[in-house]
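Questions regarding the structure given below will be posed in turn.
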Amino acid sequence: MVSRVIPVEEFDLVIFGGTGDLARRKILPGLFRRFLSNQMPAGSRIIGAARTDMDSDGYRQMIREAIAEFGGDESKDKECIEKFVAQLHYIPVDAKGTGGWEELHDLIRFEVVNAFYFSVAPSLFGDLAERLHSFKIADDDSRVVVEKPFGRDLETAKALNATLAEHFDESQIYRIDHYLGKETVQNLMAVRFGNMLFEPLWNNHYVDHIQITVAETVGVGGRGAYYDQSGAMRDMVQNHLMQLLCLIAMESPSMFDADAVRDEKLKVIRALQAVEPHHIVRGQYDANKDSPSYRDDAEDPRSHTESFVALRCEIANWRWAGVPFYLRTGKKLKARSSEIIVVFKDIGHSIFPGDEKRHRNILSIQLQPNEGMQLQVTIKEPGPGGMRLIDVPLDMTFAEALGPDAEDSTDAYERLIMDVIRGNQTLFMRGDEVEAAWAWTDPLIEGWKARGDVPKLYDQGSSGPEDALMLMHREGRRWHEIKE
Ligand code: NAD
């Protein structure tokens, strides 16, 4: 197959926080993979900028080691690694002071695309934005990339948006949600809007309900103190699950263009109904003989922060009225698995004598650890013995049909960074989307606080608290099993 990769222009990419965990684990190894696939034009430069005092040679060594540790199979080619690190530079910069900024100004070229990745704590975003301007390092064509968490509630998100807006136009701001960079998430849009088959059924006449699960096996471990200020609702639902919900539920944009797509996503968030307290279940993982409890990890024996949340919500518009959307996410669950399940209504009447089963089509979309898509269809069980029906999955991943291209392992980060260089904001959250998501999330969190809600304990390696299962059972439905 001929690959149709849109070329990128020569660029200077500055990574503030270039020595941090995210830069070493994801951003630089991702850029290296792009370099290997000829997506880094000659002359392009990556400039690490952080508080650590070191020179460019020291930084190159740090990134050699990061690629060796996190770069996967591609990290073996020493010659390529050397060519890549030759394009790296480093400047020690203090976000809160004046050190390093003049040097950065002298290094940056305005005749090529320039982008600034804020891979630092959000409390530094304002300082960075302000200095990029006062030292005349960024201009009206520069792009800034900001990491989650984007605020911890509506008020802080608004303040962050206002800070960035003082120095940058919305068209220059790229708010990363790496879930949007996943191949299958984009494939979801291709399936919905590139086929006649699905869209006519994609509504409350034919869809019984939709499930979105993001399950993790890890606990909060060493990040306990940080996570305890956040919890599953803020850390996962407000951003990742909400974005998936939007892509599943949005109307067709008039074209695949950044604002057209984001306008439709925003309408979904604004149409989300408030969630009744009995439609939310919060949980915390309990201790077992080998592993500490959430509260031990969070170092707060009285913490009421949730490591699990499941909820049922509805979207008040003509397409979705009456269709429940069940969302759940949690830590220390039985498997690492992110998936979206669209359960269509059952056929209502069977013409086949003796066929008691209620057949229904189910579209399953896996996002991680493996990406794939299957459609459950009902067919005749092969062989003699009359008309017996079975449900079988029709694999829509098409790995075999498309060959190696279908197994494009492009990590979400590298795809998104290249979109920044191309100036394509489609897969990034707009400021109003983030604020609308907080406006929906805040009252739920405030409600728990006001009621003194205590999360239910659940066993590590389980599917979460019993009450989360009941959320669906009492409506005659059940969660798709969490499995890898
Ligand atoms: P980190 O603590 O590992 O690294 C922080 C970086 O910021 C370091 O390079 C440090 O030198 C730099 N820094 C700190 N203070 C500075 C200052 N005053 N001036 C200049 N540089 C300064 O953090 P991280 O885990 O890499 O996270 C970075 C950002 O990405 C955070 O906003 C975090 O919430 C977000 N994030 C991280 C991950 C992850 O997996 N690590 C995932 C999603 C989002």
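The values are calculated or read from the model by the stated rules, or taken from the named source; none is laboratory data. Nothing here was measured: the structure is a model prediction, and the numbers come from that model. Note: ideal-geometry Cβ built from the backbone for every residue, glycine included; neighbour counts use all protein chains shown. Surface areas here come from the heavy atoms of the whole protein model, side chains and all, with no ligands, DNA or RNA. Shrake-Rupley method; radii C 1.70, N 1.55, O 1.52, S 1.80 Å.
Please state, rounded to one decimal and in Å, the Kirkwood hydrodynamic radius that the chain gives when every pair of distinct Cα atoms enters the mean of 1/r.
For the chain, the Kirkwood estimate is 24.3 Å.
Let me ask another. To the nearest 20 Debye, how big is the dipole of the chain about its Cα centre, given +1 on the beta carbon of each Lys and Arg and -1 on that of each Asp and Glu?
That gives a dipole near 1300 debye.
How large is the accessible surface of Glu102 in square angstrom, using a 1.4 angstrom probe and rounding to the nearest 10?
110 Å²
What lysines could a cross-link reach from Lys289, if we take a straight Cα to Cα line under 25 Å and drop same-chain neighbours fewer than 8 places away?
Within the straight-line limit of under 25 Å, Lys289 reaches these lysines: Lys331, Lys332, Lys334, Lys456, Lys483.
How much of the accessible area of the stretch 11-147, probe 1.4 Å, is carbon plus sulfur, in whole percent?
49 percent
At a probe radius of 1.4 Å, what is the per-residue accessible area of Glu371, in Å² to the nearest 10?
80 Å²
May I ask for the net charge around Ala138, where only other residues with Cβ less than 14 Å from the Cβ of Ala138 are counted and Lys, Arg are +1 while Asp, Glu are -1?
Net local charge, Ala138 excluded: -4.
Any idea what the dipole of the stretch 11-147 comes to, in debye rounded to 20, about its Cα centre with Lys/Arg Cβ at +1 and Asp/Glu Cβ at -1?
360 debye
Using a simple spin-label model with points 7 Å from Cα along the Cα→Cβ vector, what separation in nm is obtained for Val454 and Phe110?
A separation of 6.2 nm, rounded to one decimal place.
Hey, can you find the accessible area per residue of the chain for me, probe 1.4 Å, expressed in square angstrom?
46 Å²
What number results when the radius of gyration of the stretch 44-117, computed over Cα atoms, is divided by 2.2 N^0.38 Å?
Expressed relative to 2.2 N^0.38 Å, the Cα Rg reads 1.21.
Something else: If you count only protein heavy atoms and use a 1.4 Å probe, how large is the accessible surface of Glu199, to the nearest 10 Å²?
40 Å²
A further question on this structure: Report Rg(Cα)/(2.2 N^0.38 Å) for the stretch 188-332, keeping two decimals.
Compactness ratio reported: 1.23.
Taking all pairs of different Cα atoms in the stretch 11-147, averaging 1/r and flipping that mean, what Kirkwood radius in angstroms comes out?
Answer for the stretch 11-147: a Kirkwood hydrodynamic radius of 15.0 Å.
Something else about it: Tell me the mean residue ellipticity at 222 nm calculated for the chain from its helices only (DSSP H runs of n ≥ 4, each -39500 (n - 2.57), averaged over every residue, nearest 500).
Result for the chain, helices only: -9000 deg cm²/dmol.
Given Cα pairs under 8 Å that are at least 6 residues apart, what percent is the relative contact order of the chain?
Here the relative contact order equals 17 percent.
Return the distance in nm (one decimal) between the two label points of a simple spin-label model at Ala68 and Phe352, each offset 7 Å from Cα along Cα→Cβ.
With each label placed 7 Å out from Cα toward Cβ, I get 5.9 nm.
Still on this model: If the viscosity is 0.692 mPa s and the temperature 37 °C, what translational diffusion coefficient in µm²/s does Stokes-Einstein give for the stretch 262-406 when Rh comes from Kirkwood over Cα pairs?
168 µm²/s
Let me ask something additional. If contacts are Cα pairs under 8 angstrom and at least 6 residues apart, what is the relative contact order of the stretch 11-147 in percent?
Value for the stretch 11-147: 31 percent.
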